[in-house]
Each structure stands twice: as C-alpha cells, then as structure tokens.
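Contents: one structure, followed by commentary.
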Amino acid sequence: MITSEETPKNLDITTKEKEVVLSVRNLGLCYRRDKNIFTKTSGNFWALKDVSFDLYKGEKLGIIGRNGCGKSTLMKILTGIFCQDKGQVIVDKKLHIQLLSLGVGFERSLSGRENAILNGMLFGKTRKYMLKRLHEIREFSELGEFFDAPVKTYSSGMVSRLAFSVAIVAEPDILLLDEMLGVGDAHFAEKSRRAMNEKFSSEQTVILISHDPYTIINMCNRAVWIENGETRAEGNVFDVSEQYIAAITPENLETYKRTVAAMRGES
Amino acid sequence: MISNFSRYRDIVLYRTWAELKAESQQNYLGYVWFLLQPMITTAILYVVFGVLWSNRGGEYVVFLLTGMVVWQWFESCINSGMGAIKAKLHIMKEIPLPKYLFPLVHIFADTWRFLFVFVVLIGFASIFKFYPNWNYFYLPLLIVIHLTFIIGIALILSVASAYLNDLTTIVQSMLRILFFISGIFFSIDKIPAELIPWFLANPAAAMIHNYRSVIIDNTAPSLYLMGYILALGLTLCCIGFYICKHFDQKITKDISL
C-alpha cells in the first residue's frame, strides 16, 4: 500500500514493523458557497487540496498546522461526517473511528445517568455496554448524588466532568482528538489529563490535532504538518515540528531546539 | 451491519423515550396537554359548525374529535419530522449518524402521544354510545399503514427543508389548506358524488375517513383506500430513505449552522 518514496525517512523502528490501519491519499475537499438561487456566486473554497499520510496501528500521530489549515475538515472526513471531493481514505470499514467530542446531544432535562447512556450510544456503544460502565462513569465524574439529577441543575464544570467521563469510556478503534482536553477545576483537570495520558500510553491508535508543536512532541511519536490544505511534511515528530516552527515562527526555533535537546537528554 | 442496525434502533427508541420524558417534565400539565389540544380545537369547531350551523348532537362531537385527533397526529409528525434534521444537525456534524434517525425520533414520539389520545378518544366515543366493535381489530393495521405514509413524507421533507428554508413556510401553508379540505368538520355526504374520488385522493382525508368508518359507522375500512395509502407510503418511504442515504455526507457539509 505504501510505495517506497512515500515512506518517511525518520520512521521509528517500532512503527516500521506495524501495519497500516488507515491511509489517506491526495485528499481534497471543496466547500461550495451558492446558497441562494438568485445570487449564484460560485465561491468554491478548497479547504483541503492534497493531503496524504499513513496511520499505523497503535501509534500516536500528531497533525500539526495553523488555524484554518484544514485540520478540522480532515477530521470530519476521517470520521465519515463529510465526503471528500477527491482522493481517497483507505481504511477497513469495520473500524470505528471517533472524534472525542464532549457533551454532544446532552438533553438538559434528563439525568446524568440517562445522558451518559444516550451519549455513549451516539459514540457507537450499545446500551448494554454503557449500563456496564455506568458505575465507572459515576466514579470518575465525582458527581455523587447529582448523577441522578437533571443535567440542567448542574454547574458548567459538572457538565464538562460528566461529558469527559462518558467520552473516556468510549473506546473506538481509532481515536481522534482535536486539541488536548483538560476540563473542570484544577483537581479534575489534572485527573482528566492523567486519563488522557493513559490513553496515549496504551495500545489505542490516536490522531491528535494541534497547532502547538510542544503538545505534539510531548504526546506523539510521528507527525504530519498540514499547511493550506496540503501535506508539507510527514515523519518523526521532532523533525516535523522543527520544520513547522522554522516556517511559522523562526524566532522560536532556538528555544525549540533547546527544549528538544533537553527532552532527548532525559529519555 | 446488523450491529449498526440494532444500535440505531436503540438510539431511536431511547431518544424517543427521553423526549417524551423531557416534555412531560417541562410542563406542569404534562400529558394532559396532548388531550387538551384536540379537545380545545374540537370545542371551537363544535361551537362554529355544530351550534351555529345546527349540527348538534353527540355524534357530531365524536365525528369532530376523531377528525381532530387524527389530523393532529398527521400535522405534528410532519411539522416536527420536517425540522428534525436541521434542528439536530449540530449533533450530526460531530458524530456520523444516519440522517433518518432524528425525524424518526420525532415521529415516534408524536405517534406515542397520538396513541395515548386515541385510547381516550375511544373511551369518549363510548360515552356517546359508539361502543367498541369487531372492526376495531382493523385499527392497528390502519395506524401502521398511515405511519408508513407519514414517515415517507416526513423524511423527504426533512432533507428538502434543510436545503430550502422556505419550504417550512410553504408546507405550513399547505397544511392549513389541507386542514379545510380533509373533511375534519364536514362529512363525506356533503360532497358532490363526482368529486368524492378527488376528495379521497388527499391522503389526510382518506385516513380520517378510514378511522370514522370503524369508530362511527361500525364498518370495515375501505380496502381500496388502505391499499392506496400503503402503496403511496411505501413509495415515499423508499424515496425518503434513498435521499437520506444520498445526502448523508453532503448535508453535513453543505448546510452551515
């Protein structure tokens, strides 16, 4: 599936042996803007022009790029919400790819318990599975008796705690993350960060999108840099981030190199 | 495929239940509203057409109420089903879901309310000496056939209205016209014989006529009318599910919130 010239140079030995679970080839997507029949302005906008990369089983792939480079559009194609206009996504149809989004479809008048089931079912889990994990969700969210109270009586922190706790038990085959999530007060933010880190150190295949190279080098082993809807670089996380910083904020390059040297020294 | 089907079925059932529960908690009167609504309209219609146009009597009350209850089911399913995709697009922009799920949720919730009111209607009819009869066994079949028609038309409208905002207004105007020509407050005898086929070509009129045959006239509903609505319903359902599938990934991209 991968031809030799497309294989990045600086692949870790660990990822080289692993199987490709998803590959994206020359992906393009165009937003059409002709809403009114009377003012038919053809303002076609290609959010993605030519994106290609591979995702290996169990790896943590970082997708880095500036705001508006097409990262979120790419996520929507990978999860199957949008259909691309050109190129292809090669993936086993049976694999469940899920964007981790918090509190989608919460019904305010239902209890936390009911919303947990509802939300989990939207995330591709069965009702039975959610019933089995309810205890865990209740424990993790620290909602206590509020778990059985309507969500409209929650504070916004409680809503996000519930949302995060549900999202964390949904275990898709490929997990997509739009920025790192840390929710709630200092205590819960730390706890959720730890839960996220656990995901990253497990066998879970993860794609993390971020505009911040430091997040990517901390969490991922490989990275793809997307600029203006095109793949600029793919490969080792440090090299890709370096190219990204060199192009976006060259003045920070020195600081970055020092950080990376320190990180490598530690490990 | 099968696991997906059971998952979608669970989502529809659970969300329907959730919607009914949420609604009954939000209003003080809860379920009583579903009863009050057709009753109030019936009372108004009775004053206008019964008292003023001297159509008095218990029979006319049952006649009106049957028409109103069935009409309200039809109208509310179309209205809520039509707006369902647009209303829940924010969910479908985060999670890939078949577009027919949310219209179905609204239709099933409205149908549940209808069944609740319908049972009360049957009890009410008994007060005016229209007792349950053997033809009542046709009622479940009638409801299923009519539901097929409603689902078909609501699915098509829900995709179409996501693209064309104006459609909602157009459909509402058409429903207002339908209300007056579906024989809710007048009987089919008042229509000139040569116009009756045209009158019954309107599915809403045919539906109401079917229920009245059973509840008031104590006769079996017309097989011809049942077949007509079923054929229409199945055709519309095929088109409806097809366009839901066809626009599945387009609609999330094309419609910005």
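The values are calculated or read from the model by the stated rules, or taken from the named source; none is laboratory data. This structure is a prediction, so every number in the text was calculated from the model and none was measured. A quick note on method: Cβ atoms are made from the backbone with ideal geometry, for glycine too, and the neighbour counts reach across all protein chains shown. Side chains included, ligands, DNA and RNA excluded: accessible areas come from the protein's heavy atoms. Shrake-Rupley method; radii C 1.70, N 1.55, O 1.52, S 1.80 Å.
In the range B:205-252, which residues give up 50 Å² or more of accessible area once the other protein chains are added, compared with their chain alone (1.4 Å probe)?
B:Q249
Just add up the charged neighbours of A:Y154: K/R +1, D/E -1, any other residue whose Cβ is under 10 Å from the Cβ of A:Y154.
Taking every other residue near A:Y154 into account, the sum is +3.
So what's the back-of-envelope 222 nm ellipticity for the protein assembly as shown, counting only DSSP H runs of four-plus at -39500 (n - 2.57) apiece and dividing by all residues, rounded to 500?
Using -39500 (n - 2.57) per qualifying helix, the result is -18000 deg cm²/dmol.
Give the residue from B:V120, B:F108, B:V51 lying farthest towards the positive end of the charge dipole for the protein assembly as shown; charges sit on Cβ (+1 for Lys and Arg, -1 for Asp and Glu) and the dipole is referred to the Cα centre.
B:V51
Whole angstrom only: what separates the Cα centroid of the range B:47-86 from the Cα centroid of the range B:15-32?
22
Around A:K76, with a cut-off of 14 angstrom between Cβ atoms, what is the net charge of the other residues, counting Lys and Arg +1 and Asp and Glu -1?
-1
Where the centroid of each part is defined by its Cα atoms, how far is the range B:93-164 from the range A:148-218 in Å?
Each part's Cα centre sits 40 Å from the other's.
Give the accessible surface of chain B per residue, rounded to a whole number of Å², with probe radius 1.4 Å and ligands, DNA and RNA excluded.
Per residue, chain B has an accessible area of 48 Å².
Note down the magnitude of the dipole of the protein assembly as shown about its Cα centre, charges +1 on Lys and Arg C-beta and -1 on Asp and Glu C-beta and zero elsewhere, to the nearest 20 debye.
680
Quantify how strongly other chains surround peptide B:89-97 by giving the mean number of their Cβ atoms within 10 Å of each of its Cβ atoms.
That average works out to 6.
Take peptide B:19-27, look around each residue's Cβ out to 10 angstrom, count Cβ atoms belonging to other protein chains, and average those counts.
The mean count of partner-chain Cβ atoms within 10 Å per residue comes to 3.
Kindly report the accessible area of the range A:111-267 per residue (heavy atoms of protein chains, probe 1.4 Å, no ligands, DNA or RNA), in Å².
Ligands and nucleic acids excluded, the result is 44 Å² per residue.
Here is the link list: A:K18/A:K125; A:K93/A:K125; A:K125/A:K199; A:K125/B:K250; A:K76/B:K253; A:K76/B:K245. Which ones come out longer than 20 Å on Cα distance?
Where the Cα-Cα span goes over 20 Å, the pairs concerned are A:K18/A:K125; A:K125/B:K250.
Take peptide A:74-84, look around each residue's Cβ out to 10 angstrom, count Cβ atoms belonging to other protein chains, and average those counts.
4
Over chain A, what per residue volume does the convex hull of the Cα atoms give, in whole Å³?
For chain A, the hull spanned by Cα atoms encloses 173 Å³ per residue.
Can you pull the Rg over Rh of the protein assembly as shown, Cα-only, Kirkwood?
The Rg/Rh ratio comes out at 1.08.
To the nearest 100 Å², how much accessible surface do chains A and B cover up together, summed over both, with a 1.4 Å probe?
Adding both sides of the contact gives about 2500 Å².
Tell me the carbon and sulfur percent of the accessible area for the protein assembly as shown, rounded to whole percent, probe radius 1.4 Å.
With neighbouring chains kept in place, the figure for the protein assembly as shown is 59 percent.
Around A:L208, what is the net charge, scoring Lys/Arg as +1 and Asp/Glu as -1 over all other residues with Cβ under 14 Å from its Cβ?
Net local charge, A:L208 excluded: +1.
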